[in-house]
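Worksheet: one structure, shown below.
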Amino acid sequence: MPGLVVRRSNGELRWYPFFKHGDTYTFYPDKEYGEDETGRRVGRGFKFEKYLPGYWMPAKSPVRHRRIGGGNSLVVLEKDGDLKFYRFEGFTFMVSDTGKKVGRGFKSDWDYVVAEWTGNGTSDLLVRDEDGNLRLFPWNGEKFIDLGGDEKVGVGFKKDKFTHLFAGYWTGGDTPDLVARERDGDLWLYLFDGKTFRGHGKPRKIGRGFGNQFTHYFVDEWMGNGTPDLIVRHKNGNLIRYPYGKFDSSKDHYVFAEPPYATVGRGFKSDWTYIVGHWRQPGHPDLLVCDNHHNMRFYPFENGEFVELPKDQKFVGRDWKFTHYWDFYPVEEQG
């Protein structure tokens, strides 16, 4: 079953499964369903620079176009630049022979994009360094591979030019591609062939107008049509869906559709914590929100919009005072 791994301020990790009770979902256990425990401690001493959840453990069977985000295990970055790998087995990180060093020389001010970049069935690591270079570190199941001269797979992606990087199966291929948001609000698509971004010609301009009026970006296959869409939070609190996949014959590639755009949610605040996940079923994204009162809210996505559930179904947890939230899909449940 899917659930959340959360980190407390003291470095303790806890596991909260997302229970299904008939037609409703909640983090509250119910003895009538054989549930008597939640929030179990699954890790301690997690005081690291960065946390990189991913599908670092292989599933029982390959999953094509698995969602980018969440994971079934965890890689962490230490202050000295080392990466360590923590397996999530038996619904805990406290297992023997885990926490081993799997990489070195990484920096906390780099940007990290986890996805199945090489299409080998597990996550890999794409890094944007301080010079705007994109560097690929494939994962072989035990550690990150040093590609040497082939490590640099893209150049010119400096943070002052490109503010956001969105990995996704934008072209429907077997490996992800990358959409970069330029500071002026234009979106550019950079093709990836499983090895590099180089050699694919000029990037494709696929969207415009994504300016500073938008505070949050949520990428997933919202409409279930095989390619991602963008849902963005406007500063007025509305969530707006931008469909991707309109074919532009003048450019000979797919772009984001022209207006009008659907408002799919209202009243969402900038200081809330947003966690997109496949909470009910694989391939179907929904939204969990921890509000500024530390209440956890559930917003299913149905018929192209977020459903405003009744209060007794919407509020699925309370007193969630945590520093980090990661959606997790334990490998025991996959396949």
Query - Hits in the stretch 185-211 - residues which are in a loop (DSSP other than H, G, I, E, B) and touching a residue at least 24 places away in the same chain (Cβ under 8 Å) - result: GLY185, ASP186, PHE192, GLY194, LYS195, THR196, PHE197, ARG198, GLY209, PHE210, GLY211
Query - Qualifying positions in the stretch 1-28 - of a type in the set (Asp, Glu) and more than 16 Å from MET94 (Cα to Cα) - result: ASP23
Report task. Restrict the check to the stretch 105-116 and report whether at least one residue is without any contact (Cβ under 8 Å) to a residue 24 or more places away in the chain and in a loop (DSSP other than H, G, I, E, B). Result -> yes
Query raised in the report: Of all residues in the stretch 224-258, how many are touching a Pro at 6+ places or on another chain (Cβ under 7 Å) and either assigned to a loop (DSSP other than H, G, I, E, B) or open to solvent by 60 Å² or more (accessible area, probe 1.4 Å) (or both)?
Result: 1
Query raised in the report: For the stretch 263-328, which fully contained strands (runs of 3 or more DSSP E) count at least 2 residues that are at pLDDT 95 or above and within 17 Å of ASP229 (Cβ to Cβ)?
Result: 273-281, 284-290
Report task. Scan the stretch 155-170 and report the pairs whose first residue is open to solvent by 40 Å² or more (accessible area, probe 1.4 Å) and whose second residue is not in a loop (DSSP other than H, G, I, E, B), with Cβ atoms within less than 6 Å and a gap of 6+ or a chain change. Result -> THR163/ARG181; HIS164/ARG181
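This table checks each residue for (1) more than 22 Å from TYR190 (Cα to Cα); (2) among the aliphatic types (A, V, I, L, M); (3) in contact (Cβ under 8 Å) with a residue 12 or more places away in the chain; (4) touching a helix residue (DSSP H, G or I) at 6+ places or on another chain (Cβ under 7 Å).
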site	(1), (2), (3), (4)
GLY237	yes, no, yes, no
PHE247	no, no, no, no
TYR254	no, no, yes, no
PRO259	yes, no, no, no
GLY267	yes, no, yes, no
TRP272	yes, no, yes, no
Query raised in the report: How many residues are within 19 Å of GLU116 (Cβ to Cβ) and either of a type in the set (A, V, I, L, M) or modelled with pLDDT of 95 or more (or both) if we restrict to the stretch 194-227?
Result: 6
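The values are calculated or read from the model by the stated rules, or taken from the named source; none is laboratory data. These figures come from a predicted structure and were not determined experimentally. Cβ coordinates were reconstructed from backbone atoms using ideal geometry, including for glycine residues, and neighbour counts include every protein chain displayed. Quick note on the areas: whole protein, heavy atoms, side chains included, nothing else; ligands and nucleic acids left out. Shrake-Rupley method; radii C 1.70, N 1.55, O 1.52, S 1.80 Å.
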